[in-house]
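Below is one structure, written out as structure tokens; comments come after it.
The values are calculated or read from the model by the stated rules, or taken from the named source; none is laboratory data. Computed from a predicted structure; not experimentally measured. Backbone-built Cβ (ideal geometry, glycine too); neighbour counts: all protein chains shown. Accessible surface is based on the protein model in full, side chains and every heavy atom, while ligands, DNA and RNA are left aside. Shrake-Rupley method; radii C 1.70, N 1.55, O 1.52, S 1.80 Å.
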Amino acid sequence: MNFVFAGPPGAGKGTQAGLFHARHGLPHICTGDMLREAVRDATGLGERASEYMRRGDLVPDALVDEIVRARLAEPDCGDGFILDGYPRTLEQARVLDASLASAGRRLDAAVLFTIRDDVLLTRLAGRRVCSRCGMTYHVEYRPPRAAGRCDVDGAPLAQRKDDDADTIRHRIGVFRELTGPMVEYYRADRRLLQANAERPIQQIYEEICGFIEAPDPRQPSRARVRPIEVRPAPAV
Ligand code: AP5
């Protein structure tokens, strides 16, 4: 089960990937988290990435491609993975395919989370993240048991630096502008699935489980992915 979760900022990619990690043990590989960690640790990568991230722009492909390539080579990814927020450009999608092919592997599907901009704004404005473990909450839709504290480790919750209103709008604009060709790439070879990301968290989770578990009658021996033509994704 080699999956990409794609969609605009705040669509819920990380929330769903976290559920798949918790319930199915699939590694959740979030390039945003990896880059934030590099910035926090002031590594060379972090220094090169920080200005792009602060503005809400994409970090150059070559930097991101390299950290993903290295992560996918780790043993825990051998039985599958969920890539959250990578690829975001056509070039990244091509590099990912080439990198997997060189290891005799293939991406099964990209799940596109579709959602309107006004819903994204509400989600990101209310998002809170644990300052220690990174667990994600929402003040209204997914509140912690104790206000302002993480359910897992009790650490204080904080807002992400790029979750201010101007940067959110910019990030959404970047997604709408740059991600279309990547979506078309996956659609063209029938690896694109679409999830309506405006519904409650559990319903989205169940829909994605259906994608993964429903047998594909055309390829019974390969990944169990529902035929792609079920719901064509709209242009983004
Ligand atoms: P990244 O950290 O990946 O941010 P993003 O793509 O902007 O996505 P988010 O993490 O903001 O949203 P999400 O879809 O995961 O939503 P979440 O589950 O948290 O990237 C940050 C930066 O790193 C980029 O701007 C770029 O600079 C750089 N970068 C990363 N990858 C890169 C790449 N491949 N190439 C180049 N640069 C890259 O949910 C949001 C909120 O909504 C939460 O509060 C959650 O609790 C709530 N919520 C979730 N689902 C629901 C639901 N169904 N109903 C109600 N509330 C919900």
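Here Gly134 passes the criteria (1) near the ligand (Cβ under 9 Å from one of its atoms); (2) touching a residue at least 40 places away in the same chain (Cβ under 8 Å); (3) small (Gly, Ala, Ser) except the one numbered (1). Evaluating Cys133 against the criteria (1) part of a loop (DSSP other than H, G, I, E, B); (2) under 23 Å from Leu26 (Cβ atoms); (3) open to solvent by 60 Å² or more (accessible area, probe 1.4 Å); (4) out of contact with any Asp or Glu (no Cβ under 7 Å at 6 or more places or on another chain) leaves one unmet condition, (4).
Among residues that are of a type in the set (Val, Ile, Thr), open to solvent by less than 70 Å² (accessible area, probe 1.4 Å) and under 16 Å from Ala17 (Cα atoms), Ile67 is not included. When region 7-40 is filtered for residues that are assigned to a loop (DSSP other than H, G, I, E, B) and modelled with pLDDT of 95 or more, the ones remaining, listed by number, are Gly7, Pro8, Pro9, Gly10, Ala11, Gly12, Pro27. Looking across Thr15, Thr31, one residue alone is open to solvent by less than 10 Å² (accessible area, probe 1.4 Å) and of a type in the set (Ser, Thr, Tyr). It is Thr31.
Remark: pairs (first residue in region 78-99, under 17 Å from Glu184 (Cα atoms); second residue more than 7 Å from the ligand (Cβ to nearest atom) and outside any helix (DSSP H, G or I); Cβ separation under 7 Å; 6+ apart in sequence or on different chains) = Pro87/Val4; Arg88/Thr179; Leu96/Leu107; Asp97/Leu107.
In this structure, Asp61 does satisfy being within 9 Å of the ligand (Cβ to nearest atom) and either open to solvent by 10 Å² or more (accessible area, probe 1.4 Å) or β-branched (Val, Ile, Thr) (or both). Scanning region 1-58 for residues that are aromatic (Phe, Trp, Tyr) and in contact (Cβ under 8 Å) with a residue 40 or more places away in the chain yields Phe3, Phe5, Phe20.
Within region 43-54, if we keep just the residues that are open to solvent by 50 Å² or more (accessible area, probe 1.4 Å) and more than 8 Å from the ligand (Cβ to nearest atom), the residue that is nearest to Arg171 (Cα to Cα) turns out to be Arg54. Can you confirm whether Leu107 is under 17 Å from the mean Cα position of the chain (by Cα) and open to solvent by less than 70 Å² (accessible area, probe 1.4 Å)? So Leu107 fits the description; yes. Is it the case, given these coordinates, that Leu193 is more than 8 Å from the ligand (Cβ to nearest atom) and surrounded by 18 or more Cβ atoms within 10 Å (Cβ to Cβ)? Yes: the conditions hold for Leu193.
Only one of the numbered conditions (1) of a type outside the set (Gly, Ala, Ser); (2) within 21 Å of Pro27 (Cα to Cα); (3) assigned to a helix (DSSP H, G or I); (4) open to solvent by 20 Å² or more (accessible area, probe 1.4 Å) is not met by Tyr185, and that is (2). Within the set Arg199, Arg176, Arg190, Arg171, the sole residue that is under 28 Å from Asp61 (Cα atoms) and at pLDDT 95 or above turns out to be Arg171.
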